[in-house]
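In what follows, a single structure is set out as structure tokens and then discussed.
The values are calculated or read from the model by the stated rules, or taken from the named source; none is laboratory data. This one's a predicted model, so the numbers in the text were calculated from it and none came from an experiment. Cβ: placed from backbone, ideal geometry, glycine included. Neighbour counts: every protein chain shown. The area values use the complete protein model at the heavy-atom level, side chains included, leaving out ligands, DNA and RNA. Shrake-Rupley method; radii C 1.70, N 1.55, O 1.52, S 1.80 Å.
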Amino acid sequence: EILLTQSPATLSLSPGERATLSCRASQSVNSYLAWFQQKPGQAPRLLMSDASTRATGIPARFSGSGSGTDFTLTISSLEPEDFAIYYCQQRTNWPLTFGGGTRVEIK
Amino acid sequence: QVQLRESGPGLVKPSQTLSLTCAVSDDSVKNAQFYWSWVRQSPGKGLEWIGYIGYIPSSERTHYNPALNSRATISGDTSKNSISLILSSVTAADTAVYYCIRGHYDSSGYYSLDQWGRGTLVTVSS
């Protein structure tokens, strides 16, 4: 199965700052890498359906890039509601797999 | 927007069988556009896709994560518009929040996990 490694594990930032999250795949997933946001007590929510495609209703401050094995999720200016855990997920190979997550916390 | 509500026993003893149900509202489990997945989340293993079921005309299609060693069975009840997960021979490692998800195959030909239920916590303990 494809392993996804996310870094850093924790990102401590202030509101208004830029967040850059990374996800590396153990083999190529082309651009079929999704990103999810999870807040405490809630289910994950789809942010990016592919490396650079925002899901419906996701604000433009969220952007993604990458292809092959290296991907980045960027939040251009953190809003208070953006502090959460972010997961990447590949949908190229079975079984579907997830990264271990990056926690974005308030500094 | 589709509503997914998971339900289950909450507590299951080791070696027993876990049974969960996902009630679907504002959509039909027979909708051939969608496939219905189960994903679980535990502190130890993170997020893990379990499998899915879909209703292509005239038959069911299922697909499972081999890491579950054939312990998982997903089925549907079209009369109740629900999806079920049965997990046999559970151990403490199966303690997790279990999510029901509506997904679909998009224009890329790959499956996307789109709408998630709130999840239900299952603890395996004697």
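Could you tell me what percent of the accessible area of the protein assembly as shown is made up of carbon and sulfur, with a 1.4 Å probe and every protein chain present?
46
Give the calculated FRET efficiency between residue B:78 and residue B:16 to the nearest 0.05, with a Förster radius of 35 Å applied to their Cβ-Cβ distance.
Once rounded, the FRET efficiency stands at 0.80.
Could you work out which residue, out of A:68, A:16, A:41, moves most in a Gaussian network model of chain A, that is, has the largest mean-square fluctuation with Cα springs under 10 Å?
Of the options given, A:41 has the highest mean-square fluctuation.
Note the direction-averaged projected area, equal to a quarter of the hull surface, for the Cα convex hull of segment A:1-101, in nm².
On the way: hull surface 23.5 nm².
Hull-based average projected area comes out at 5.9 nm².
Translational diffusion coefficient, Stokes-Einstein: compute it for the protein assembly as shown using the Kirkwood radius over C-alpha pairs as Rh, at 20 °C and 1.002 mPa s, and state it as an integer in µm² s⁻¹.
It diffuses with D of about 118 µm²/s by this estimate.
Taking each pair of different alpha-carbon atoms in segment B:1-113 once, compute 1/r for the pair, average those values, and report the inverse of that mean as the Kirkwood hydrodynamic radius in Å to one decimal.
Here the Kirkwood hydrodynamic radius works out to 14.5 Å.
What distance in nm lies between label points placed 7 Å from Cα along the C-beta direction at residue B:1 and residue A:52?
2.8
Given charges of +1 on the Cβ of Lys and Arg and -1 on the Cβ of Asp and Glu, with all other atoms neutral, how large is the dipole of the protein assembly as shown about its Cα centre, in debye to the nearest 20?
260
With +1 on the Cβ of every Lys and Arg and -1 on the Cβ of every Asp and Glu, and nothing else charged, how large is the dipole of chain B about its Cα centre, in debye rounded to the nearest 20?
260
What length, rounded to one decimal in nm, is gained on full extension from residue B:86 through to residue B:25, with 0.36 nm per residue of separation minus their alpha-carbon distance?
19.9 nm
Would you please classify the overall shape of segment B:60-124 from the alpha carbon gyration tensor, given that a ≥ b ≥ c denote the square roots of the eigenvalues, rounded means a/c under 1.5, and beyond that prolate means a/b larger than b/c while oblate covers the rest?
Prolate shape, in that a/c is at least 1.5 and a/b is the bigger ratio.
Over the protein assembly as shown, average the accessible area per residue using a 1.4 Å probe and give it in Å², no decimals. All intermediate terms of the calculation are to be shown ahead of the outcome.
Working: 10770 Å² over 233 residues.
Heavy-atom accessible area per residue stands at 46 Å².
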